[in-house]
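The values are calculated or read from the model by the stated rules, or taken from the named source; none is laboratory data. This structure is a prediction, so every number in the text was calculated from the model and none was measured. Cβ placement follows ideal geometry from the backbone for every residue including glycine, while neighbour counts extend to all protein chains displayed. The accessibility values were calculated without ligands, DNA or RNA, using every heavy atom of the protein model including side chains. Shrake-Rupley method; radii C 1.70, N 1.55, O 1.52, S 1.80 Å.
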Amino acid sequence: MNKGLMIVISGPAGSGKGTVNAHLLRTGDFAFSVSATTRAPRPGEIDGVNYHYITREEFLRRIESGDMLEYTQYCGNYYGTPLKEAEEVLNTGKHLILEIEVEGARNVKARYPDALLILLLPPSFAVQEQRLRGRGTETEEKILERLARTREELGFADCYDYVVYNRDGHDQDAAGEILSILRAEQCSMKRNRDIVNTYFN
Ligand code: 5GP
């Protein structure tokens, strides 16, 4: 059985990552990597579903024993992708989605050059700002902090293989574009280097 692809999807706050990823998961061809984190669960979040919530000591122990595929510190907390779970998913042939921030994305690419890195963006900064304010879930300070971080994140845009825009009301189309990218990648010569051997067998 073919191994699935490792797909990193990053996007600034308000890009609609969760909604687009939910469309992908519904196809049945993808699995979502559940990260470990030291941050406290938010109301409604479930341990083992949204994140594995662990202590700082436990997180540091896991880094030390090589259990993390990548990790980062973000706003005072550790976040990381459990290596064993990721490998288990890829061995089933499903594509693995890592919904992680830019530094983690860069580290994944350094360790797994075949990983596919996709940057999901709102159609413009102005729309992103509208979405964040429209949610009404964050304080003005938090909104400004997240908007400021977007400028930093876009500084890393070059690390990504593809950019997909998520226009208002078109999240299904954004998911469709990601599926098209994946199909094209699977036909790419760089991912089919063994054709000469397999063709004549
Ligand atoms: P939040 O606290 O809002 O759930 O996540 C904060 C940020 O950490 C988001 O940008 C999210 O994509 C990122 N993140 C979540 N899990 C991981 C992970 O395992 N590794 C890295 N590098 N970033 C993560």
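At-a-glance table
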item	result
Subset tally (residues that are over 20 Å from the mean Cα position of the chain (by Cα), within 14 Å of the ligand (Cβ to nearest atom) and loosely packed, with under 15 Cβ neighbours inside 10 Å) for the stretch 41-62	2
Residue selected from the stretch 110-119 under the condition in contact (Cβ under 8 Å) with a residue 24 or more places away in the chain and of a type outside the set (Lys, Arg), by the criterion farthest from Ala86 (Cα to Cα)	Leu119
Residues being assigned to a helix (DSSP H, G or I) and touching a residue at least 12 places away in the same chain (Cβ under 8 Å) - total across the stretch 155-168	2
Selection from the stretch 73-126 of residues that are at pLDDT below 95 and in a strand (DSSP E or B)	Gln73, Tyr74, Asn77
Filtered residue count, the stretch 169-201, keeping only those that are assigned to a loop (DSSP other than H, G, I, E, B) and surrounded by 13 or more Cβ atoms within 10 Å (Cβ to Cβ)	1
Any hit, the stretch 100-109, residues being of a type in the set (A, V, I, L, M) and without any contact (Cβ under 8 Å) to a residue 40 or more places away in the chain	no
Matching residues in the stretch 90-99 - criterion: being within 14 Å of the ligand (Cβ to nearest atom) and open to solvent by 20 Å² or more (accessible area, probe 1.4 Å)	Glu99
